[in-house]
1. Looking at (1) within 16 Å of the ligand (Cβ to nearest atom); (2) charged (D, E, K, R); (3) under 18 Å from the mean Cα position of the chain (by Cα), can you tell me which one Arg329 breaks?
2. Of the residues that sit in the range 110-129 and are out of contact with any helix residue (DSSP H, G or I) (no Cβ under 7 Å at 6 or more places or on another chain) and open to solvent by less than 30 Å² (accessible area, probe 1.4 Å), which one is farthest from Arg299 (Cα to Cα)?
3. Can you tell me which of (1) out of contact with any Cys (no Cβ under 9 Å at 6 or more places or on another chain); (2) without any contact (Cβ under 8 Å) to a residue 24 or more places away in the chain; (3) away from the ligand (no atom under 16 Å from the Cβ) is the one Ile168 doesn't meet?
4. Only one residue in Thr5, Thr85 is β-branched (Val, Ile, Thr), open to solvent by 40 Å² or more (accessible area, probe 1.4 Å) and over 21 Å from the mean Cα position of the chain (by Cα), so which one is that?
5. List pairs: first in the range 124-149 and under 14 Å from Val346 (Cβ atoms), second at pLDDT below 95, Cβ under 8 Å, 6+ apart or cross-chain?
6. Taking the range 295-321 as the search range and keeping residues that are touching a Cys at 6+ places or on another chain (Cβ under 9 Å) and part of a loop (DSSP other than H, G, I, E, B), which one is most open to solvent (accessible area, probe 1.4 Å)?
7. Scan the range 92-134 residue by residue and report those that are of a type in the set (Gly, Ala, Ser) and either in contact with a Gly (Cβ under 9 Å, 6 or more places away or on another chain) or within 13 Å of the ligand (Cβ to nearest atom) (or both).
8. Can we say Lys313 is of a type in the set (D, E, K, R), within 16 Å of the ligand (Cβ to nearest atom) and modelled with pLDDT of 95 or more?
Amino acid sequence: MSFNTFGHLFRFTSFGESHGAAIGCVVDGCPPRIPLTAVDIQGYLDKRRPGQSRFTTQRQEPDAVKIMSGVFTDEASGEQVTTGTPIMLMIENVDQRSKDYSAIKDKYRPGHAGYTYDVKYGIHDYRGGGRASARETAARVAAGAIARKIVPGMTVRGALIQMGPHKIDRARWDWNEVDKNPFFCPDAQQAKFFESYLDGVRKAGSSCGAVIEVVADGVPAGLGAPVYAKLDADLASALIGINAVKGVEIGDGFATAAMSGEENADEMRMGNERKPRFLSNHAGGILGGISTGQQIVARFAVKPTSSILTPRKTVDRYGNETEVMTKGRHDPCVGIRAVPIGEAMVACVLADHYLRHRAQVGEGTAWPFQKPGA
Ligand SMILES: Cc1cc2nc3c(=O)[nH]c(=O)nc-3n(C[C@H](O)[C@H](O)[C@H](O)COP(=O)(O)O)c2cc1C
């Protein structure tokens with residue numbers, strides 16, 4: 001299976017399966033002398049970790065990351081820093097329950113990847129979804145923790161803004177609430193409602209989808225490489241590549257289709273420090289595939305978990321019609337744990353483009369330009 005590598009100058013290659021010995025990644029292209037310890041990575045992994053509330057899978061994985069290479073103590077500061085060589089990150093799998101899957105090993109779960117893996121490779125590790133399992137996304141979150149350190153002054157935050165058909169009230173958006181409820185929801189009132197809603201979904205043995213918004217602040221203007229590596233195209237690709245993601249929007253996304261040109265235009269005025277000030281951000285901080293210096297805003301839709309307790313019609317790998325029902329431990333709404341994964345993918349794309357921008361144009365241009373003859 002090829003194509004396990006993400007990115008160009010900041011790139012990582014992930015490895016591992018859900019019920020294998022370990023998962024992880026090798027990060028290549030990280031600049032040298034960036035302070036890095038396992039603690040810097042662990043906090044983000046802890047956000048994605050399963051088994052933290054009754055609303056996520058009860059698989060108990062500590063997701064303890066080990067840095068196996070690529071760091072050394074800087075004599076001058078005494079700090080552990082990157083050396084510029086490949087950084088291998090390893091996370092052991094400790095709570096596999098493979099027998100949960102033996103009853104359905106030959107049956108395809110509708111909405112899961114068993115059929116397509118089999119039809120392509122003729123073999124697949126059915127235990128916990130194997131390589132198609134979102135266990136792999138722990139590697140992305142670990143790589144994302146390093147990516148966050150590469151763009152100076154950048155912060156990337158995500159929030160769950162819709163669960164099933166129920167949206168948050170954006171007027172109540174408070175970033176401080178995101179880490180105070182089990183859903184990474186910025187609307188405290190709606191988070192309370194999500195508890196009872198998801199309890200109902202879970203007790204019915206069903207599942208539901210979600211929408212997640214990721215916002216990056218402090219991204220310099222100029223990132224993105226037209227025409228085949230536009231920043232918005234790379235963000236969309238990175239986000240839709242997350243397990244169970246079925247839709248991506250940048251800025252106002254699909255809503256722009258219903259706007260007039262006047263409504264959609266992000267008008268410009270001169271602001272402080274000889275930088276332009278945009279009067280709105282319908283574009284989500286990207287024009288022509290290049291960052292404007294505004295907030296980068298992306299949203300993605302996550303489908304309902306395919307593993308449900310209700311029997312569904314399917315076929316097995318030998319061509320027989322049958323039914324399948326998935327026991328075992330599953331997230332009733334995988335969108336919750338997708339929040340830190342979305343943040344990580346956005347951070348990886350921005351770090352990669354930051355390094356590519358620096359490689360091509362160095363410090364960039366001195367905008368605004370001097371009028372010739374002035
Ligand atoms: C954080 C997270 C956890 C997931 N956990 C499960 C799960 O417990 N059961 C399941 O059927 N799918 C789960 N998925 C989704 C599957 O990995 C995904 O649907 C499957 O690989 C098929 O790929 P696709 O939906 O992207 O086409 C999870 C996804 C994410 C993002």
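1. Going through (1) within 16 Å of the ligand (Cβ to nearest atom); (2) charged (D, E, K, R); (3) under 18 Å from the mean Cα position of the chain (by Cα) one by one, Arg329 breaks only (3).
2. Among those that are out of contact with any helix residue (DSSP H, G or I) (no Cβ under 7 Å at 6 or more places or on another chain) and open to solvent by less than 30 Å² (accessible area, probe 1.4 Å), it is Asp118.
3. (1)
4. Checking each option against the conditions leaves just Thr85.
5. Hits for this filter: Thr137/Arg48; Val141/Lys47; Val141/Arg48.
6. Only one residue fits best here, namely Pro304.
7. Correct list: Ser98, Gly111, Ala113, Gly114, Gly128, Gly129, Gly130, Ala132, Ser133, Ala134.
8. Judged against the criteria, Lys313 is not a match.
The values are calculated or read from the model by the stated rules, or taken from the named source; none is laboratory data. Everything quoted here is computed from the prediction, not taken from an experiment. Positions of Cβ are backbone-derived with ideal geometry, glycine not excepted, and every protein chain shown enters the neighbour counts. These area figures cover heavy atoms from the full protein model, side chains too; ligands, DNA and RNA do not enter into them. Shrake-Rupley method; radii C 1.70, N 1.55, O 1.52, S 1.80 Å.
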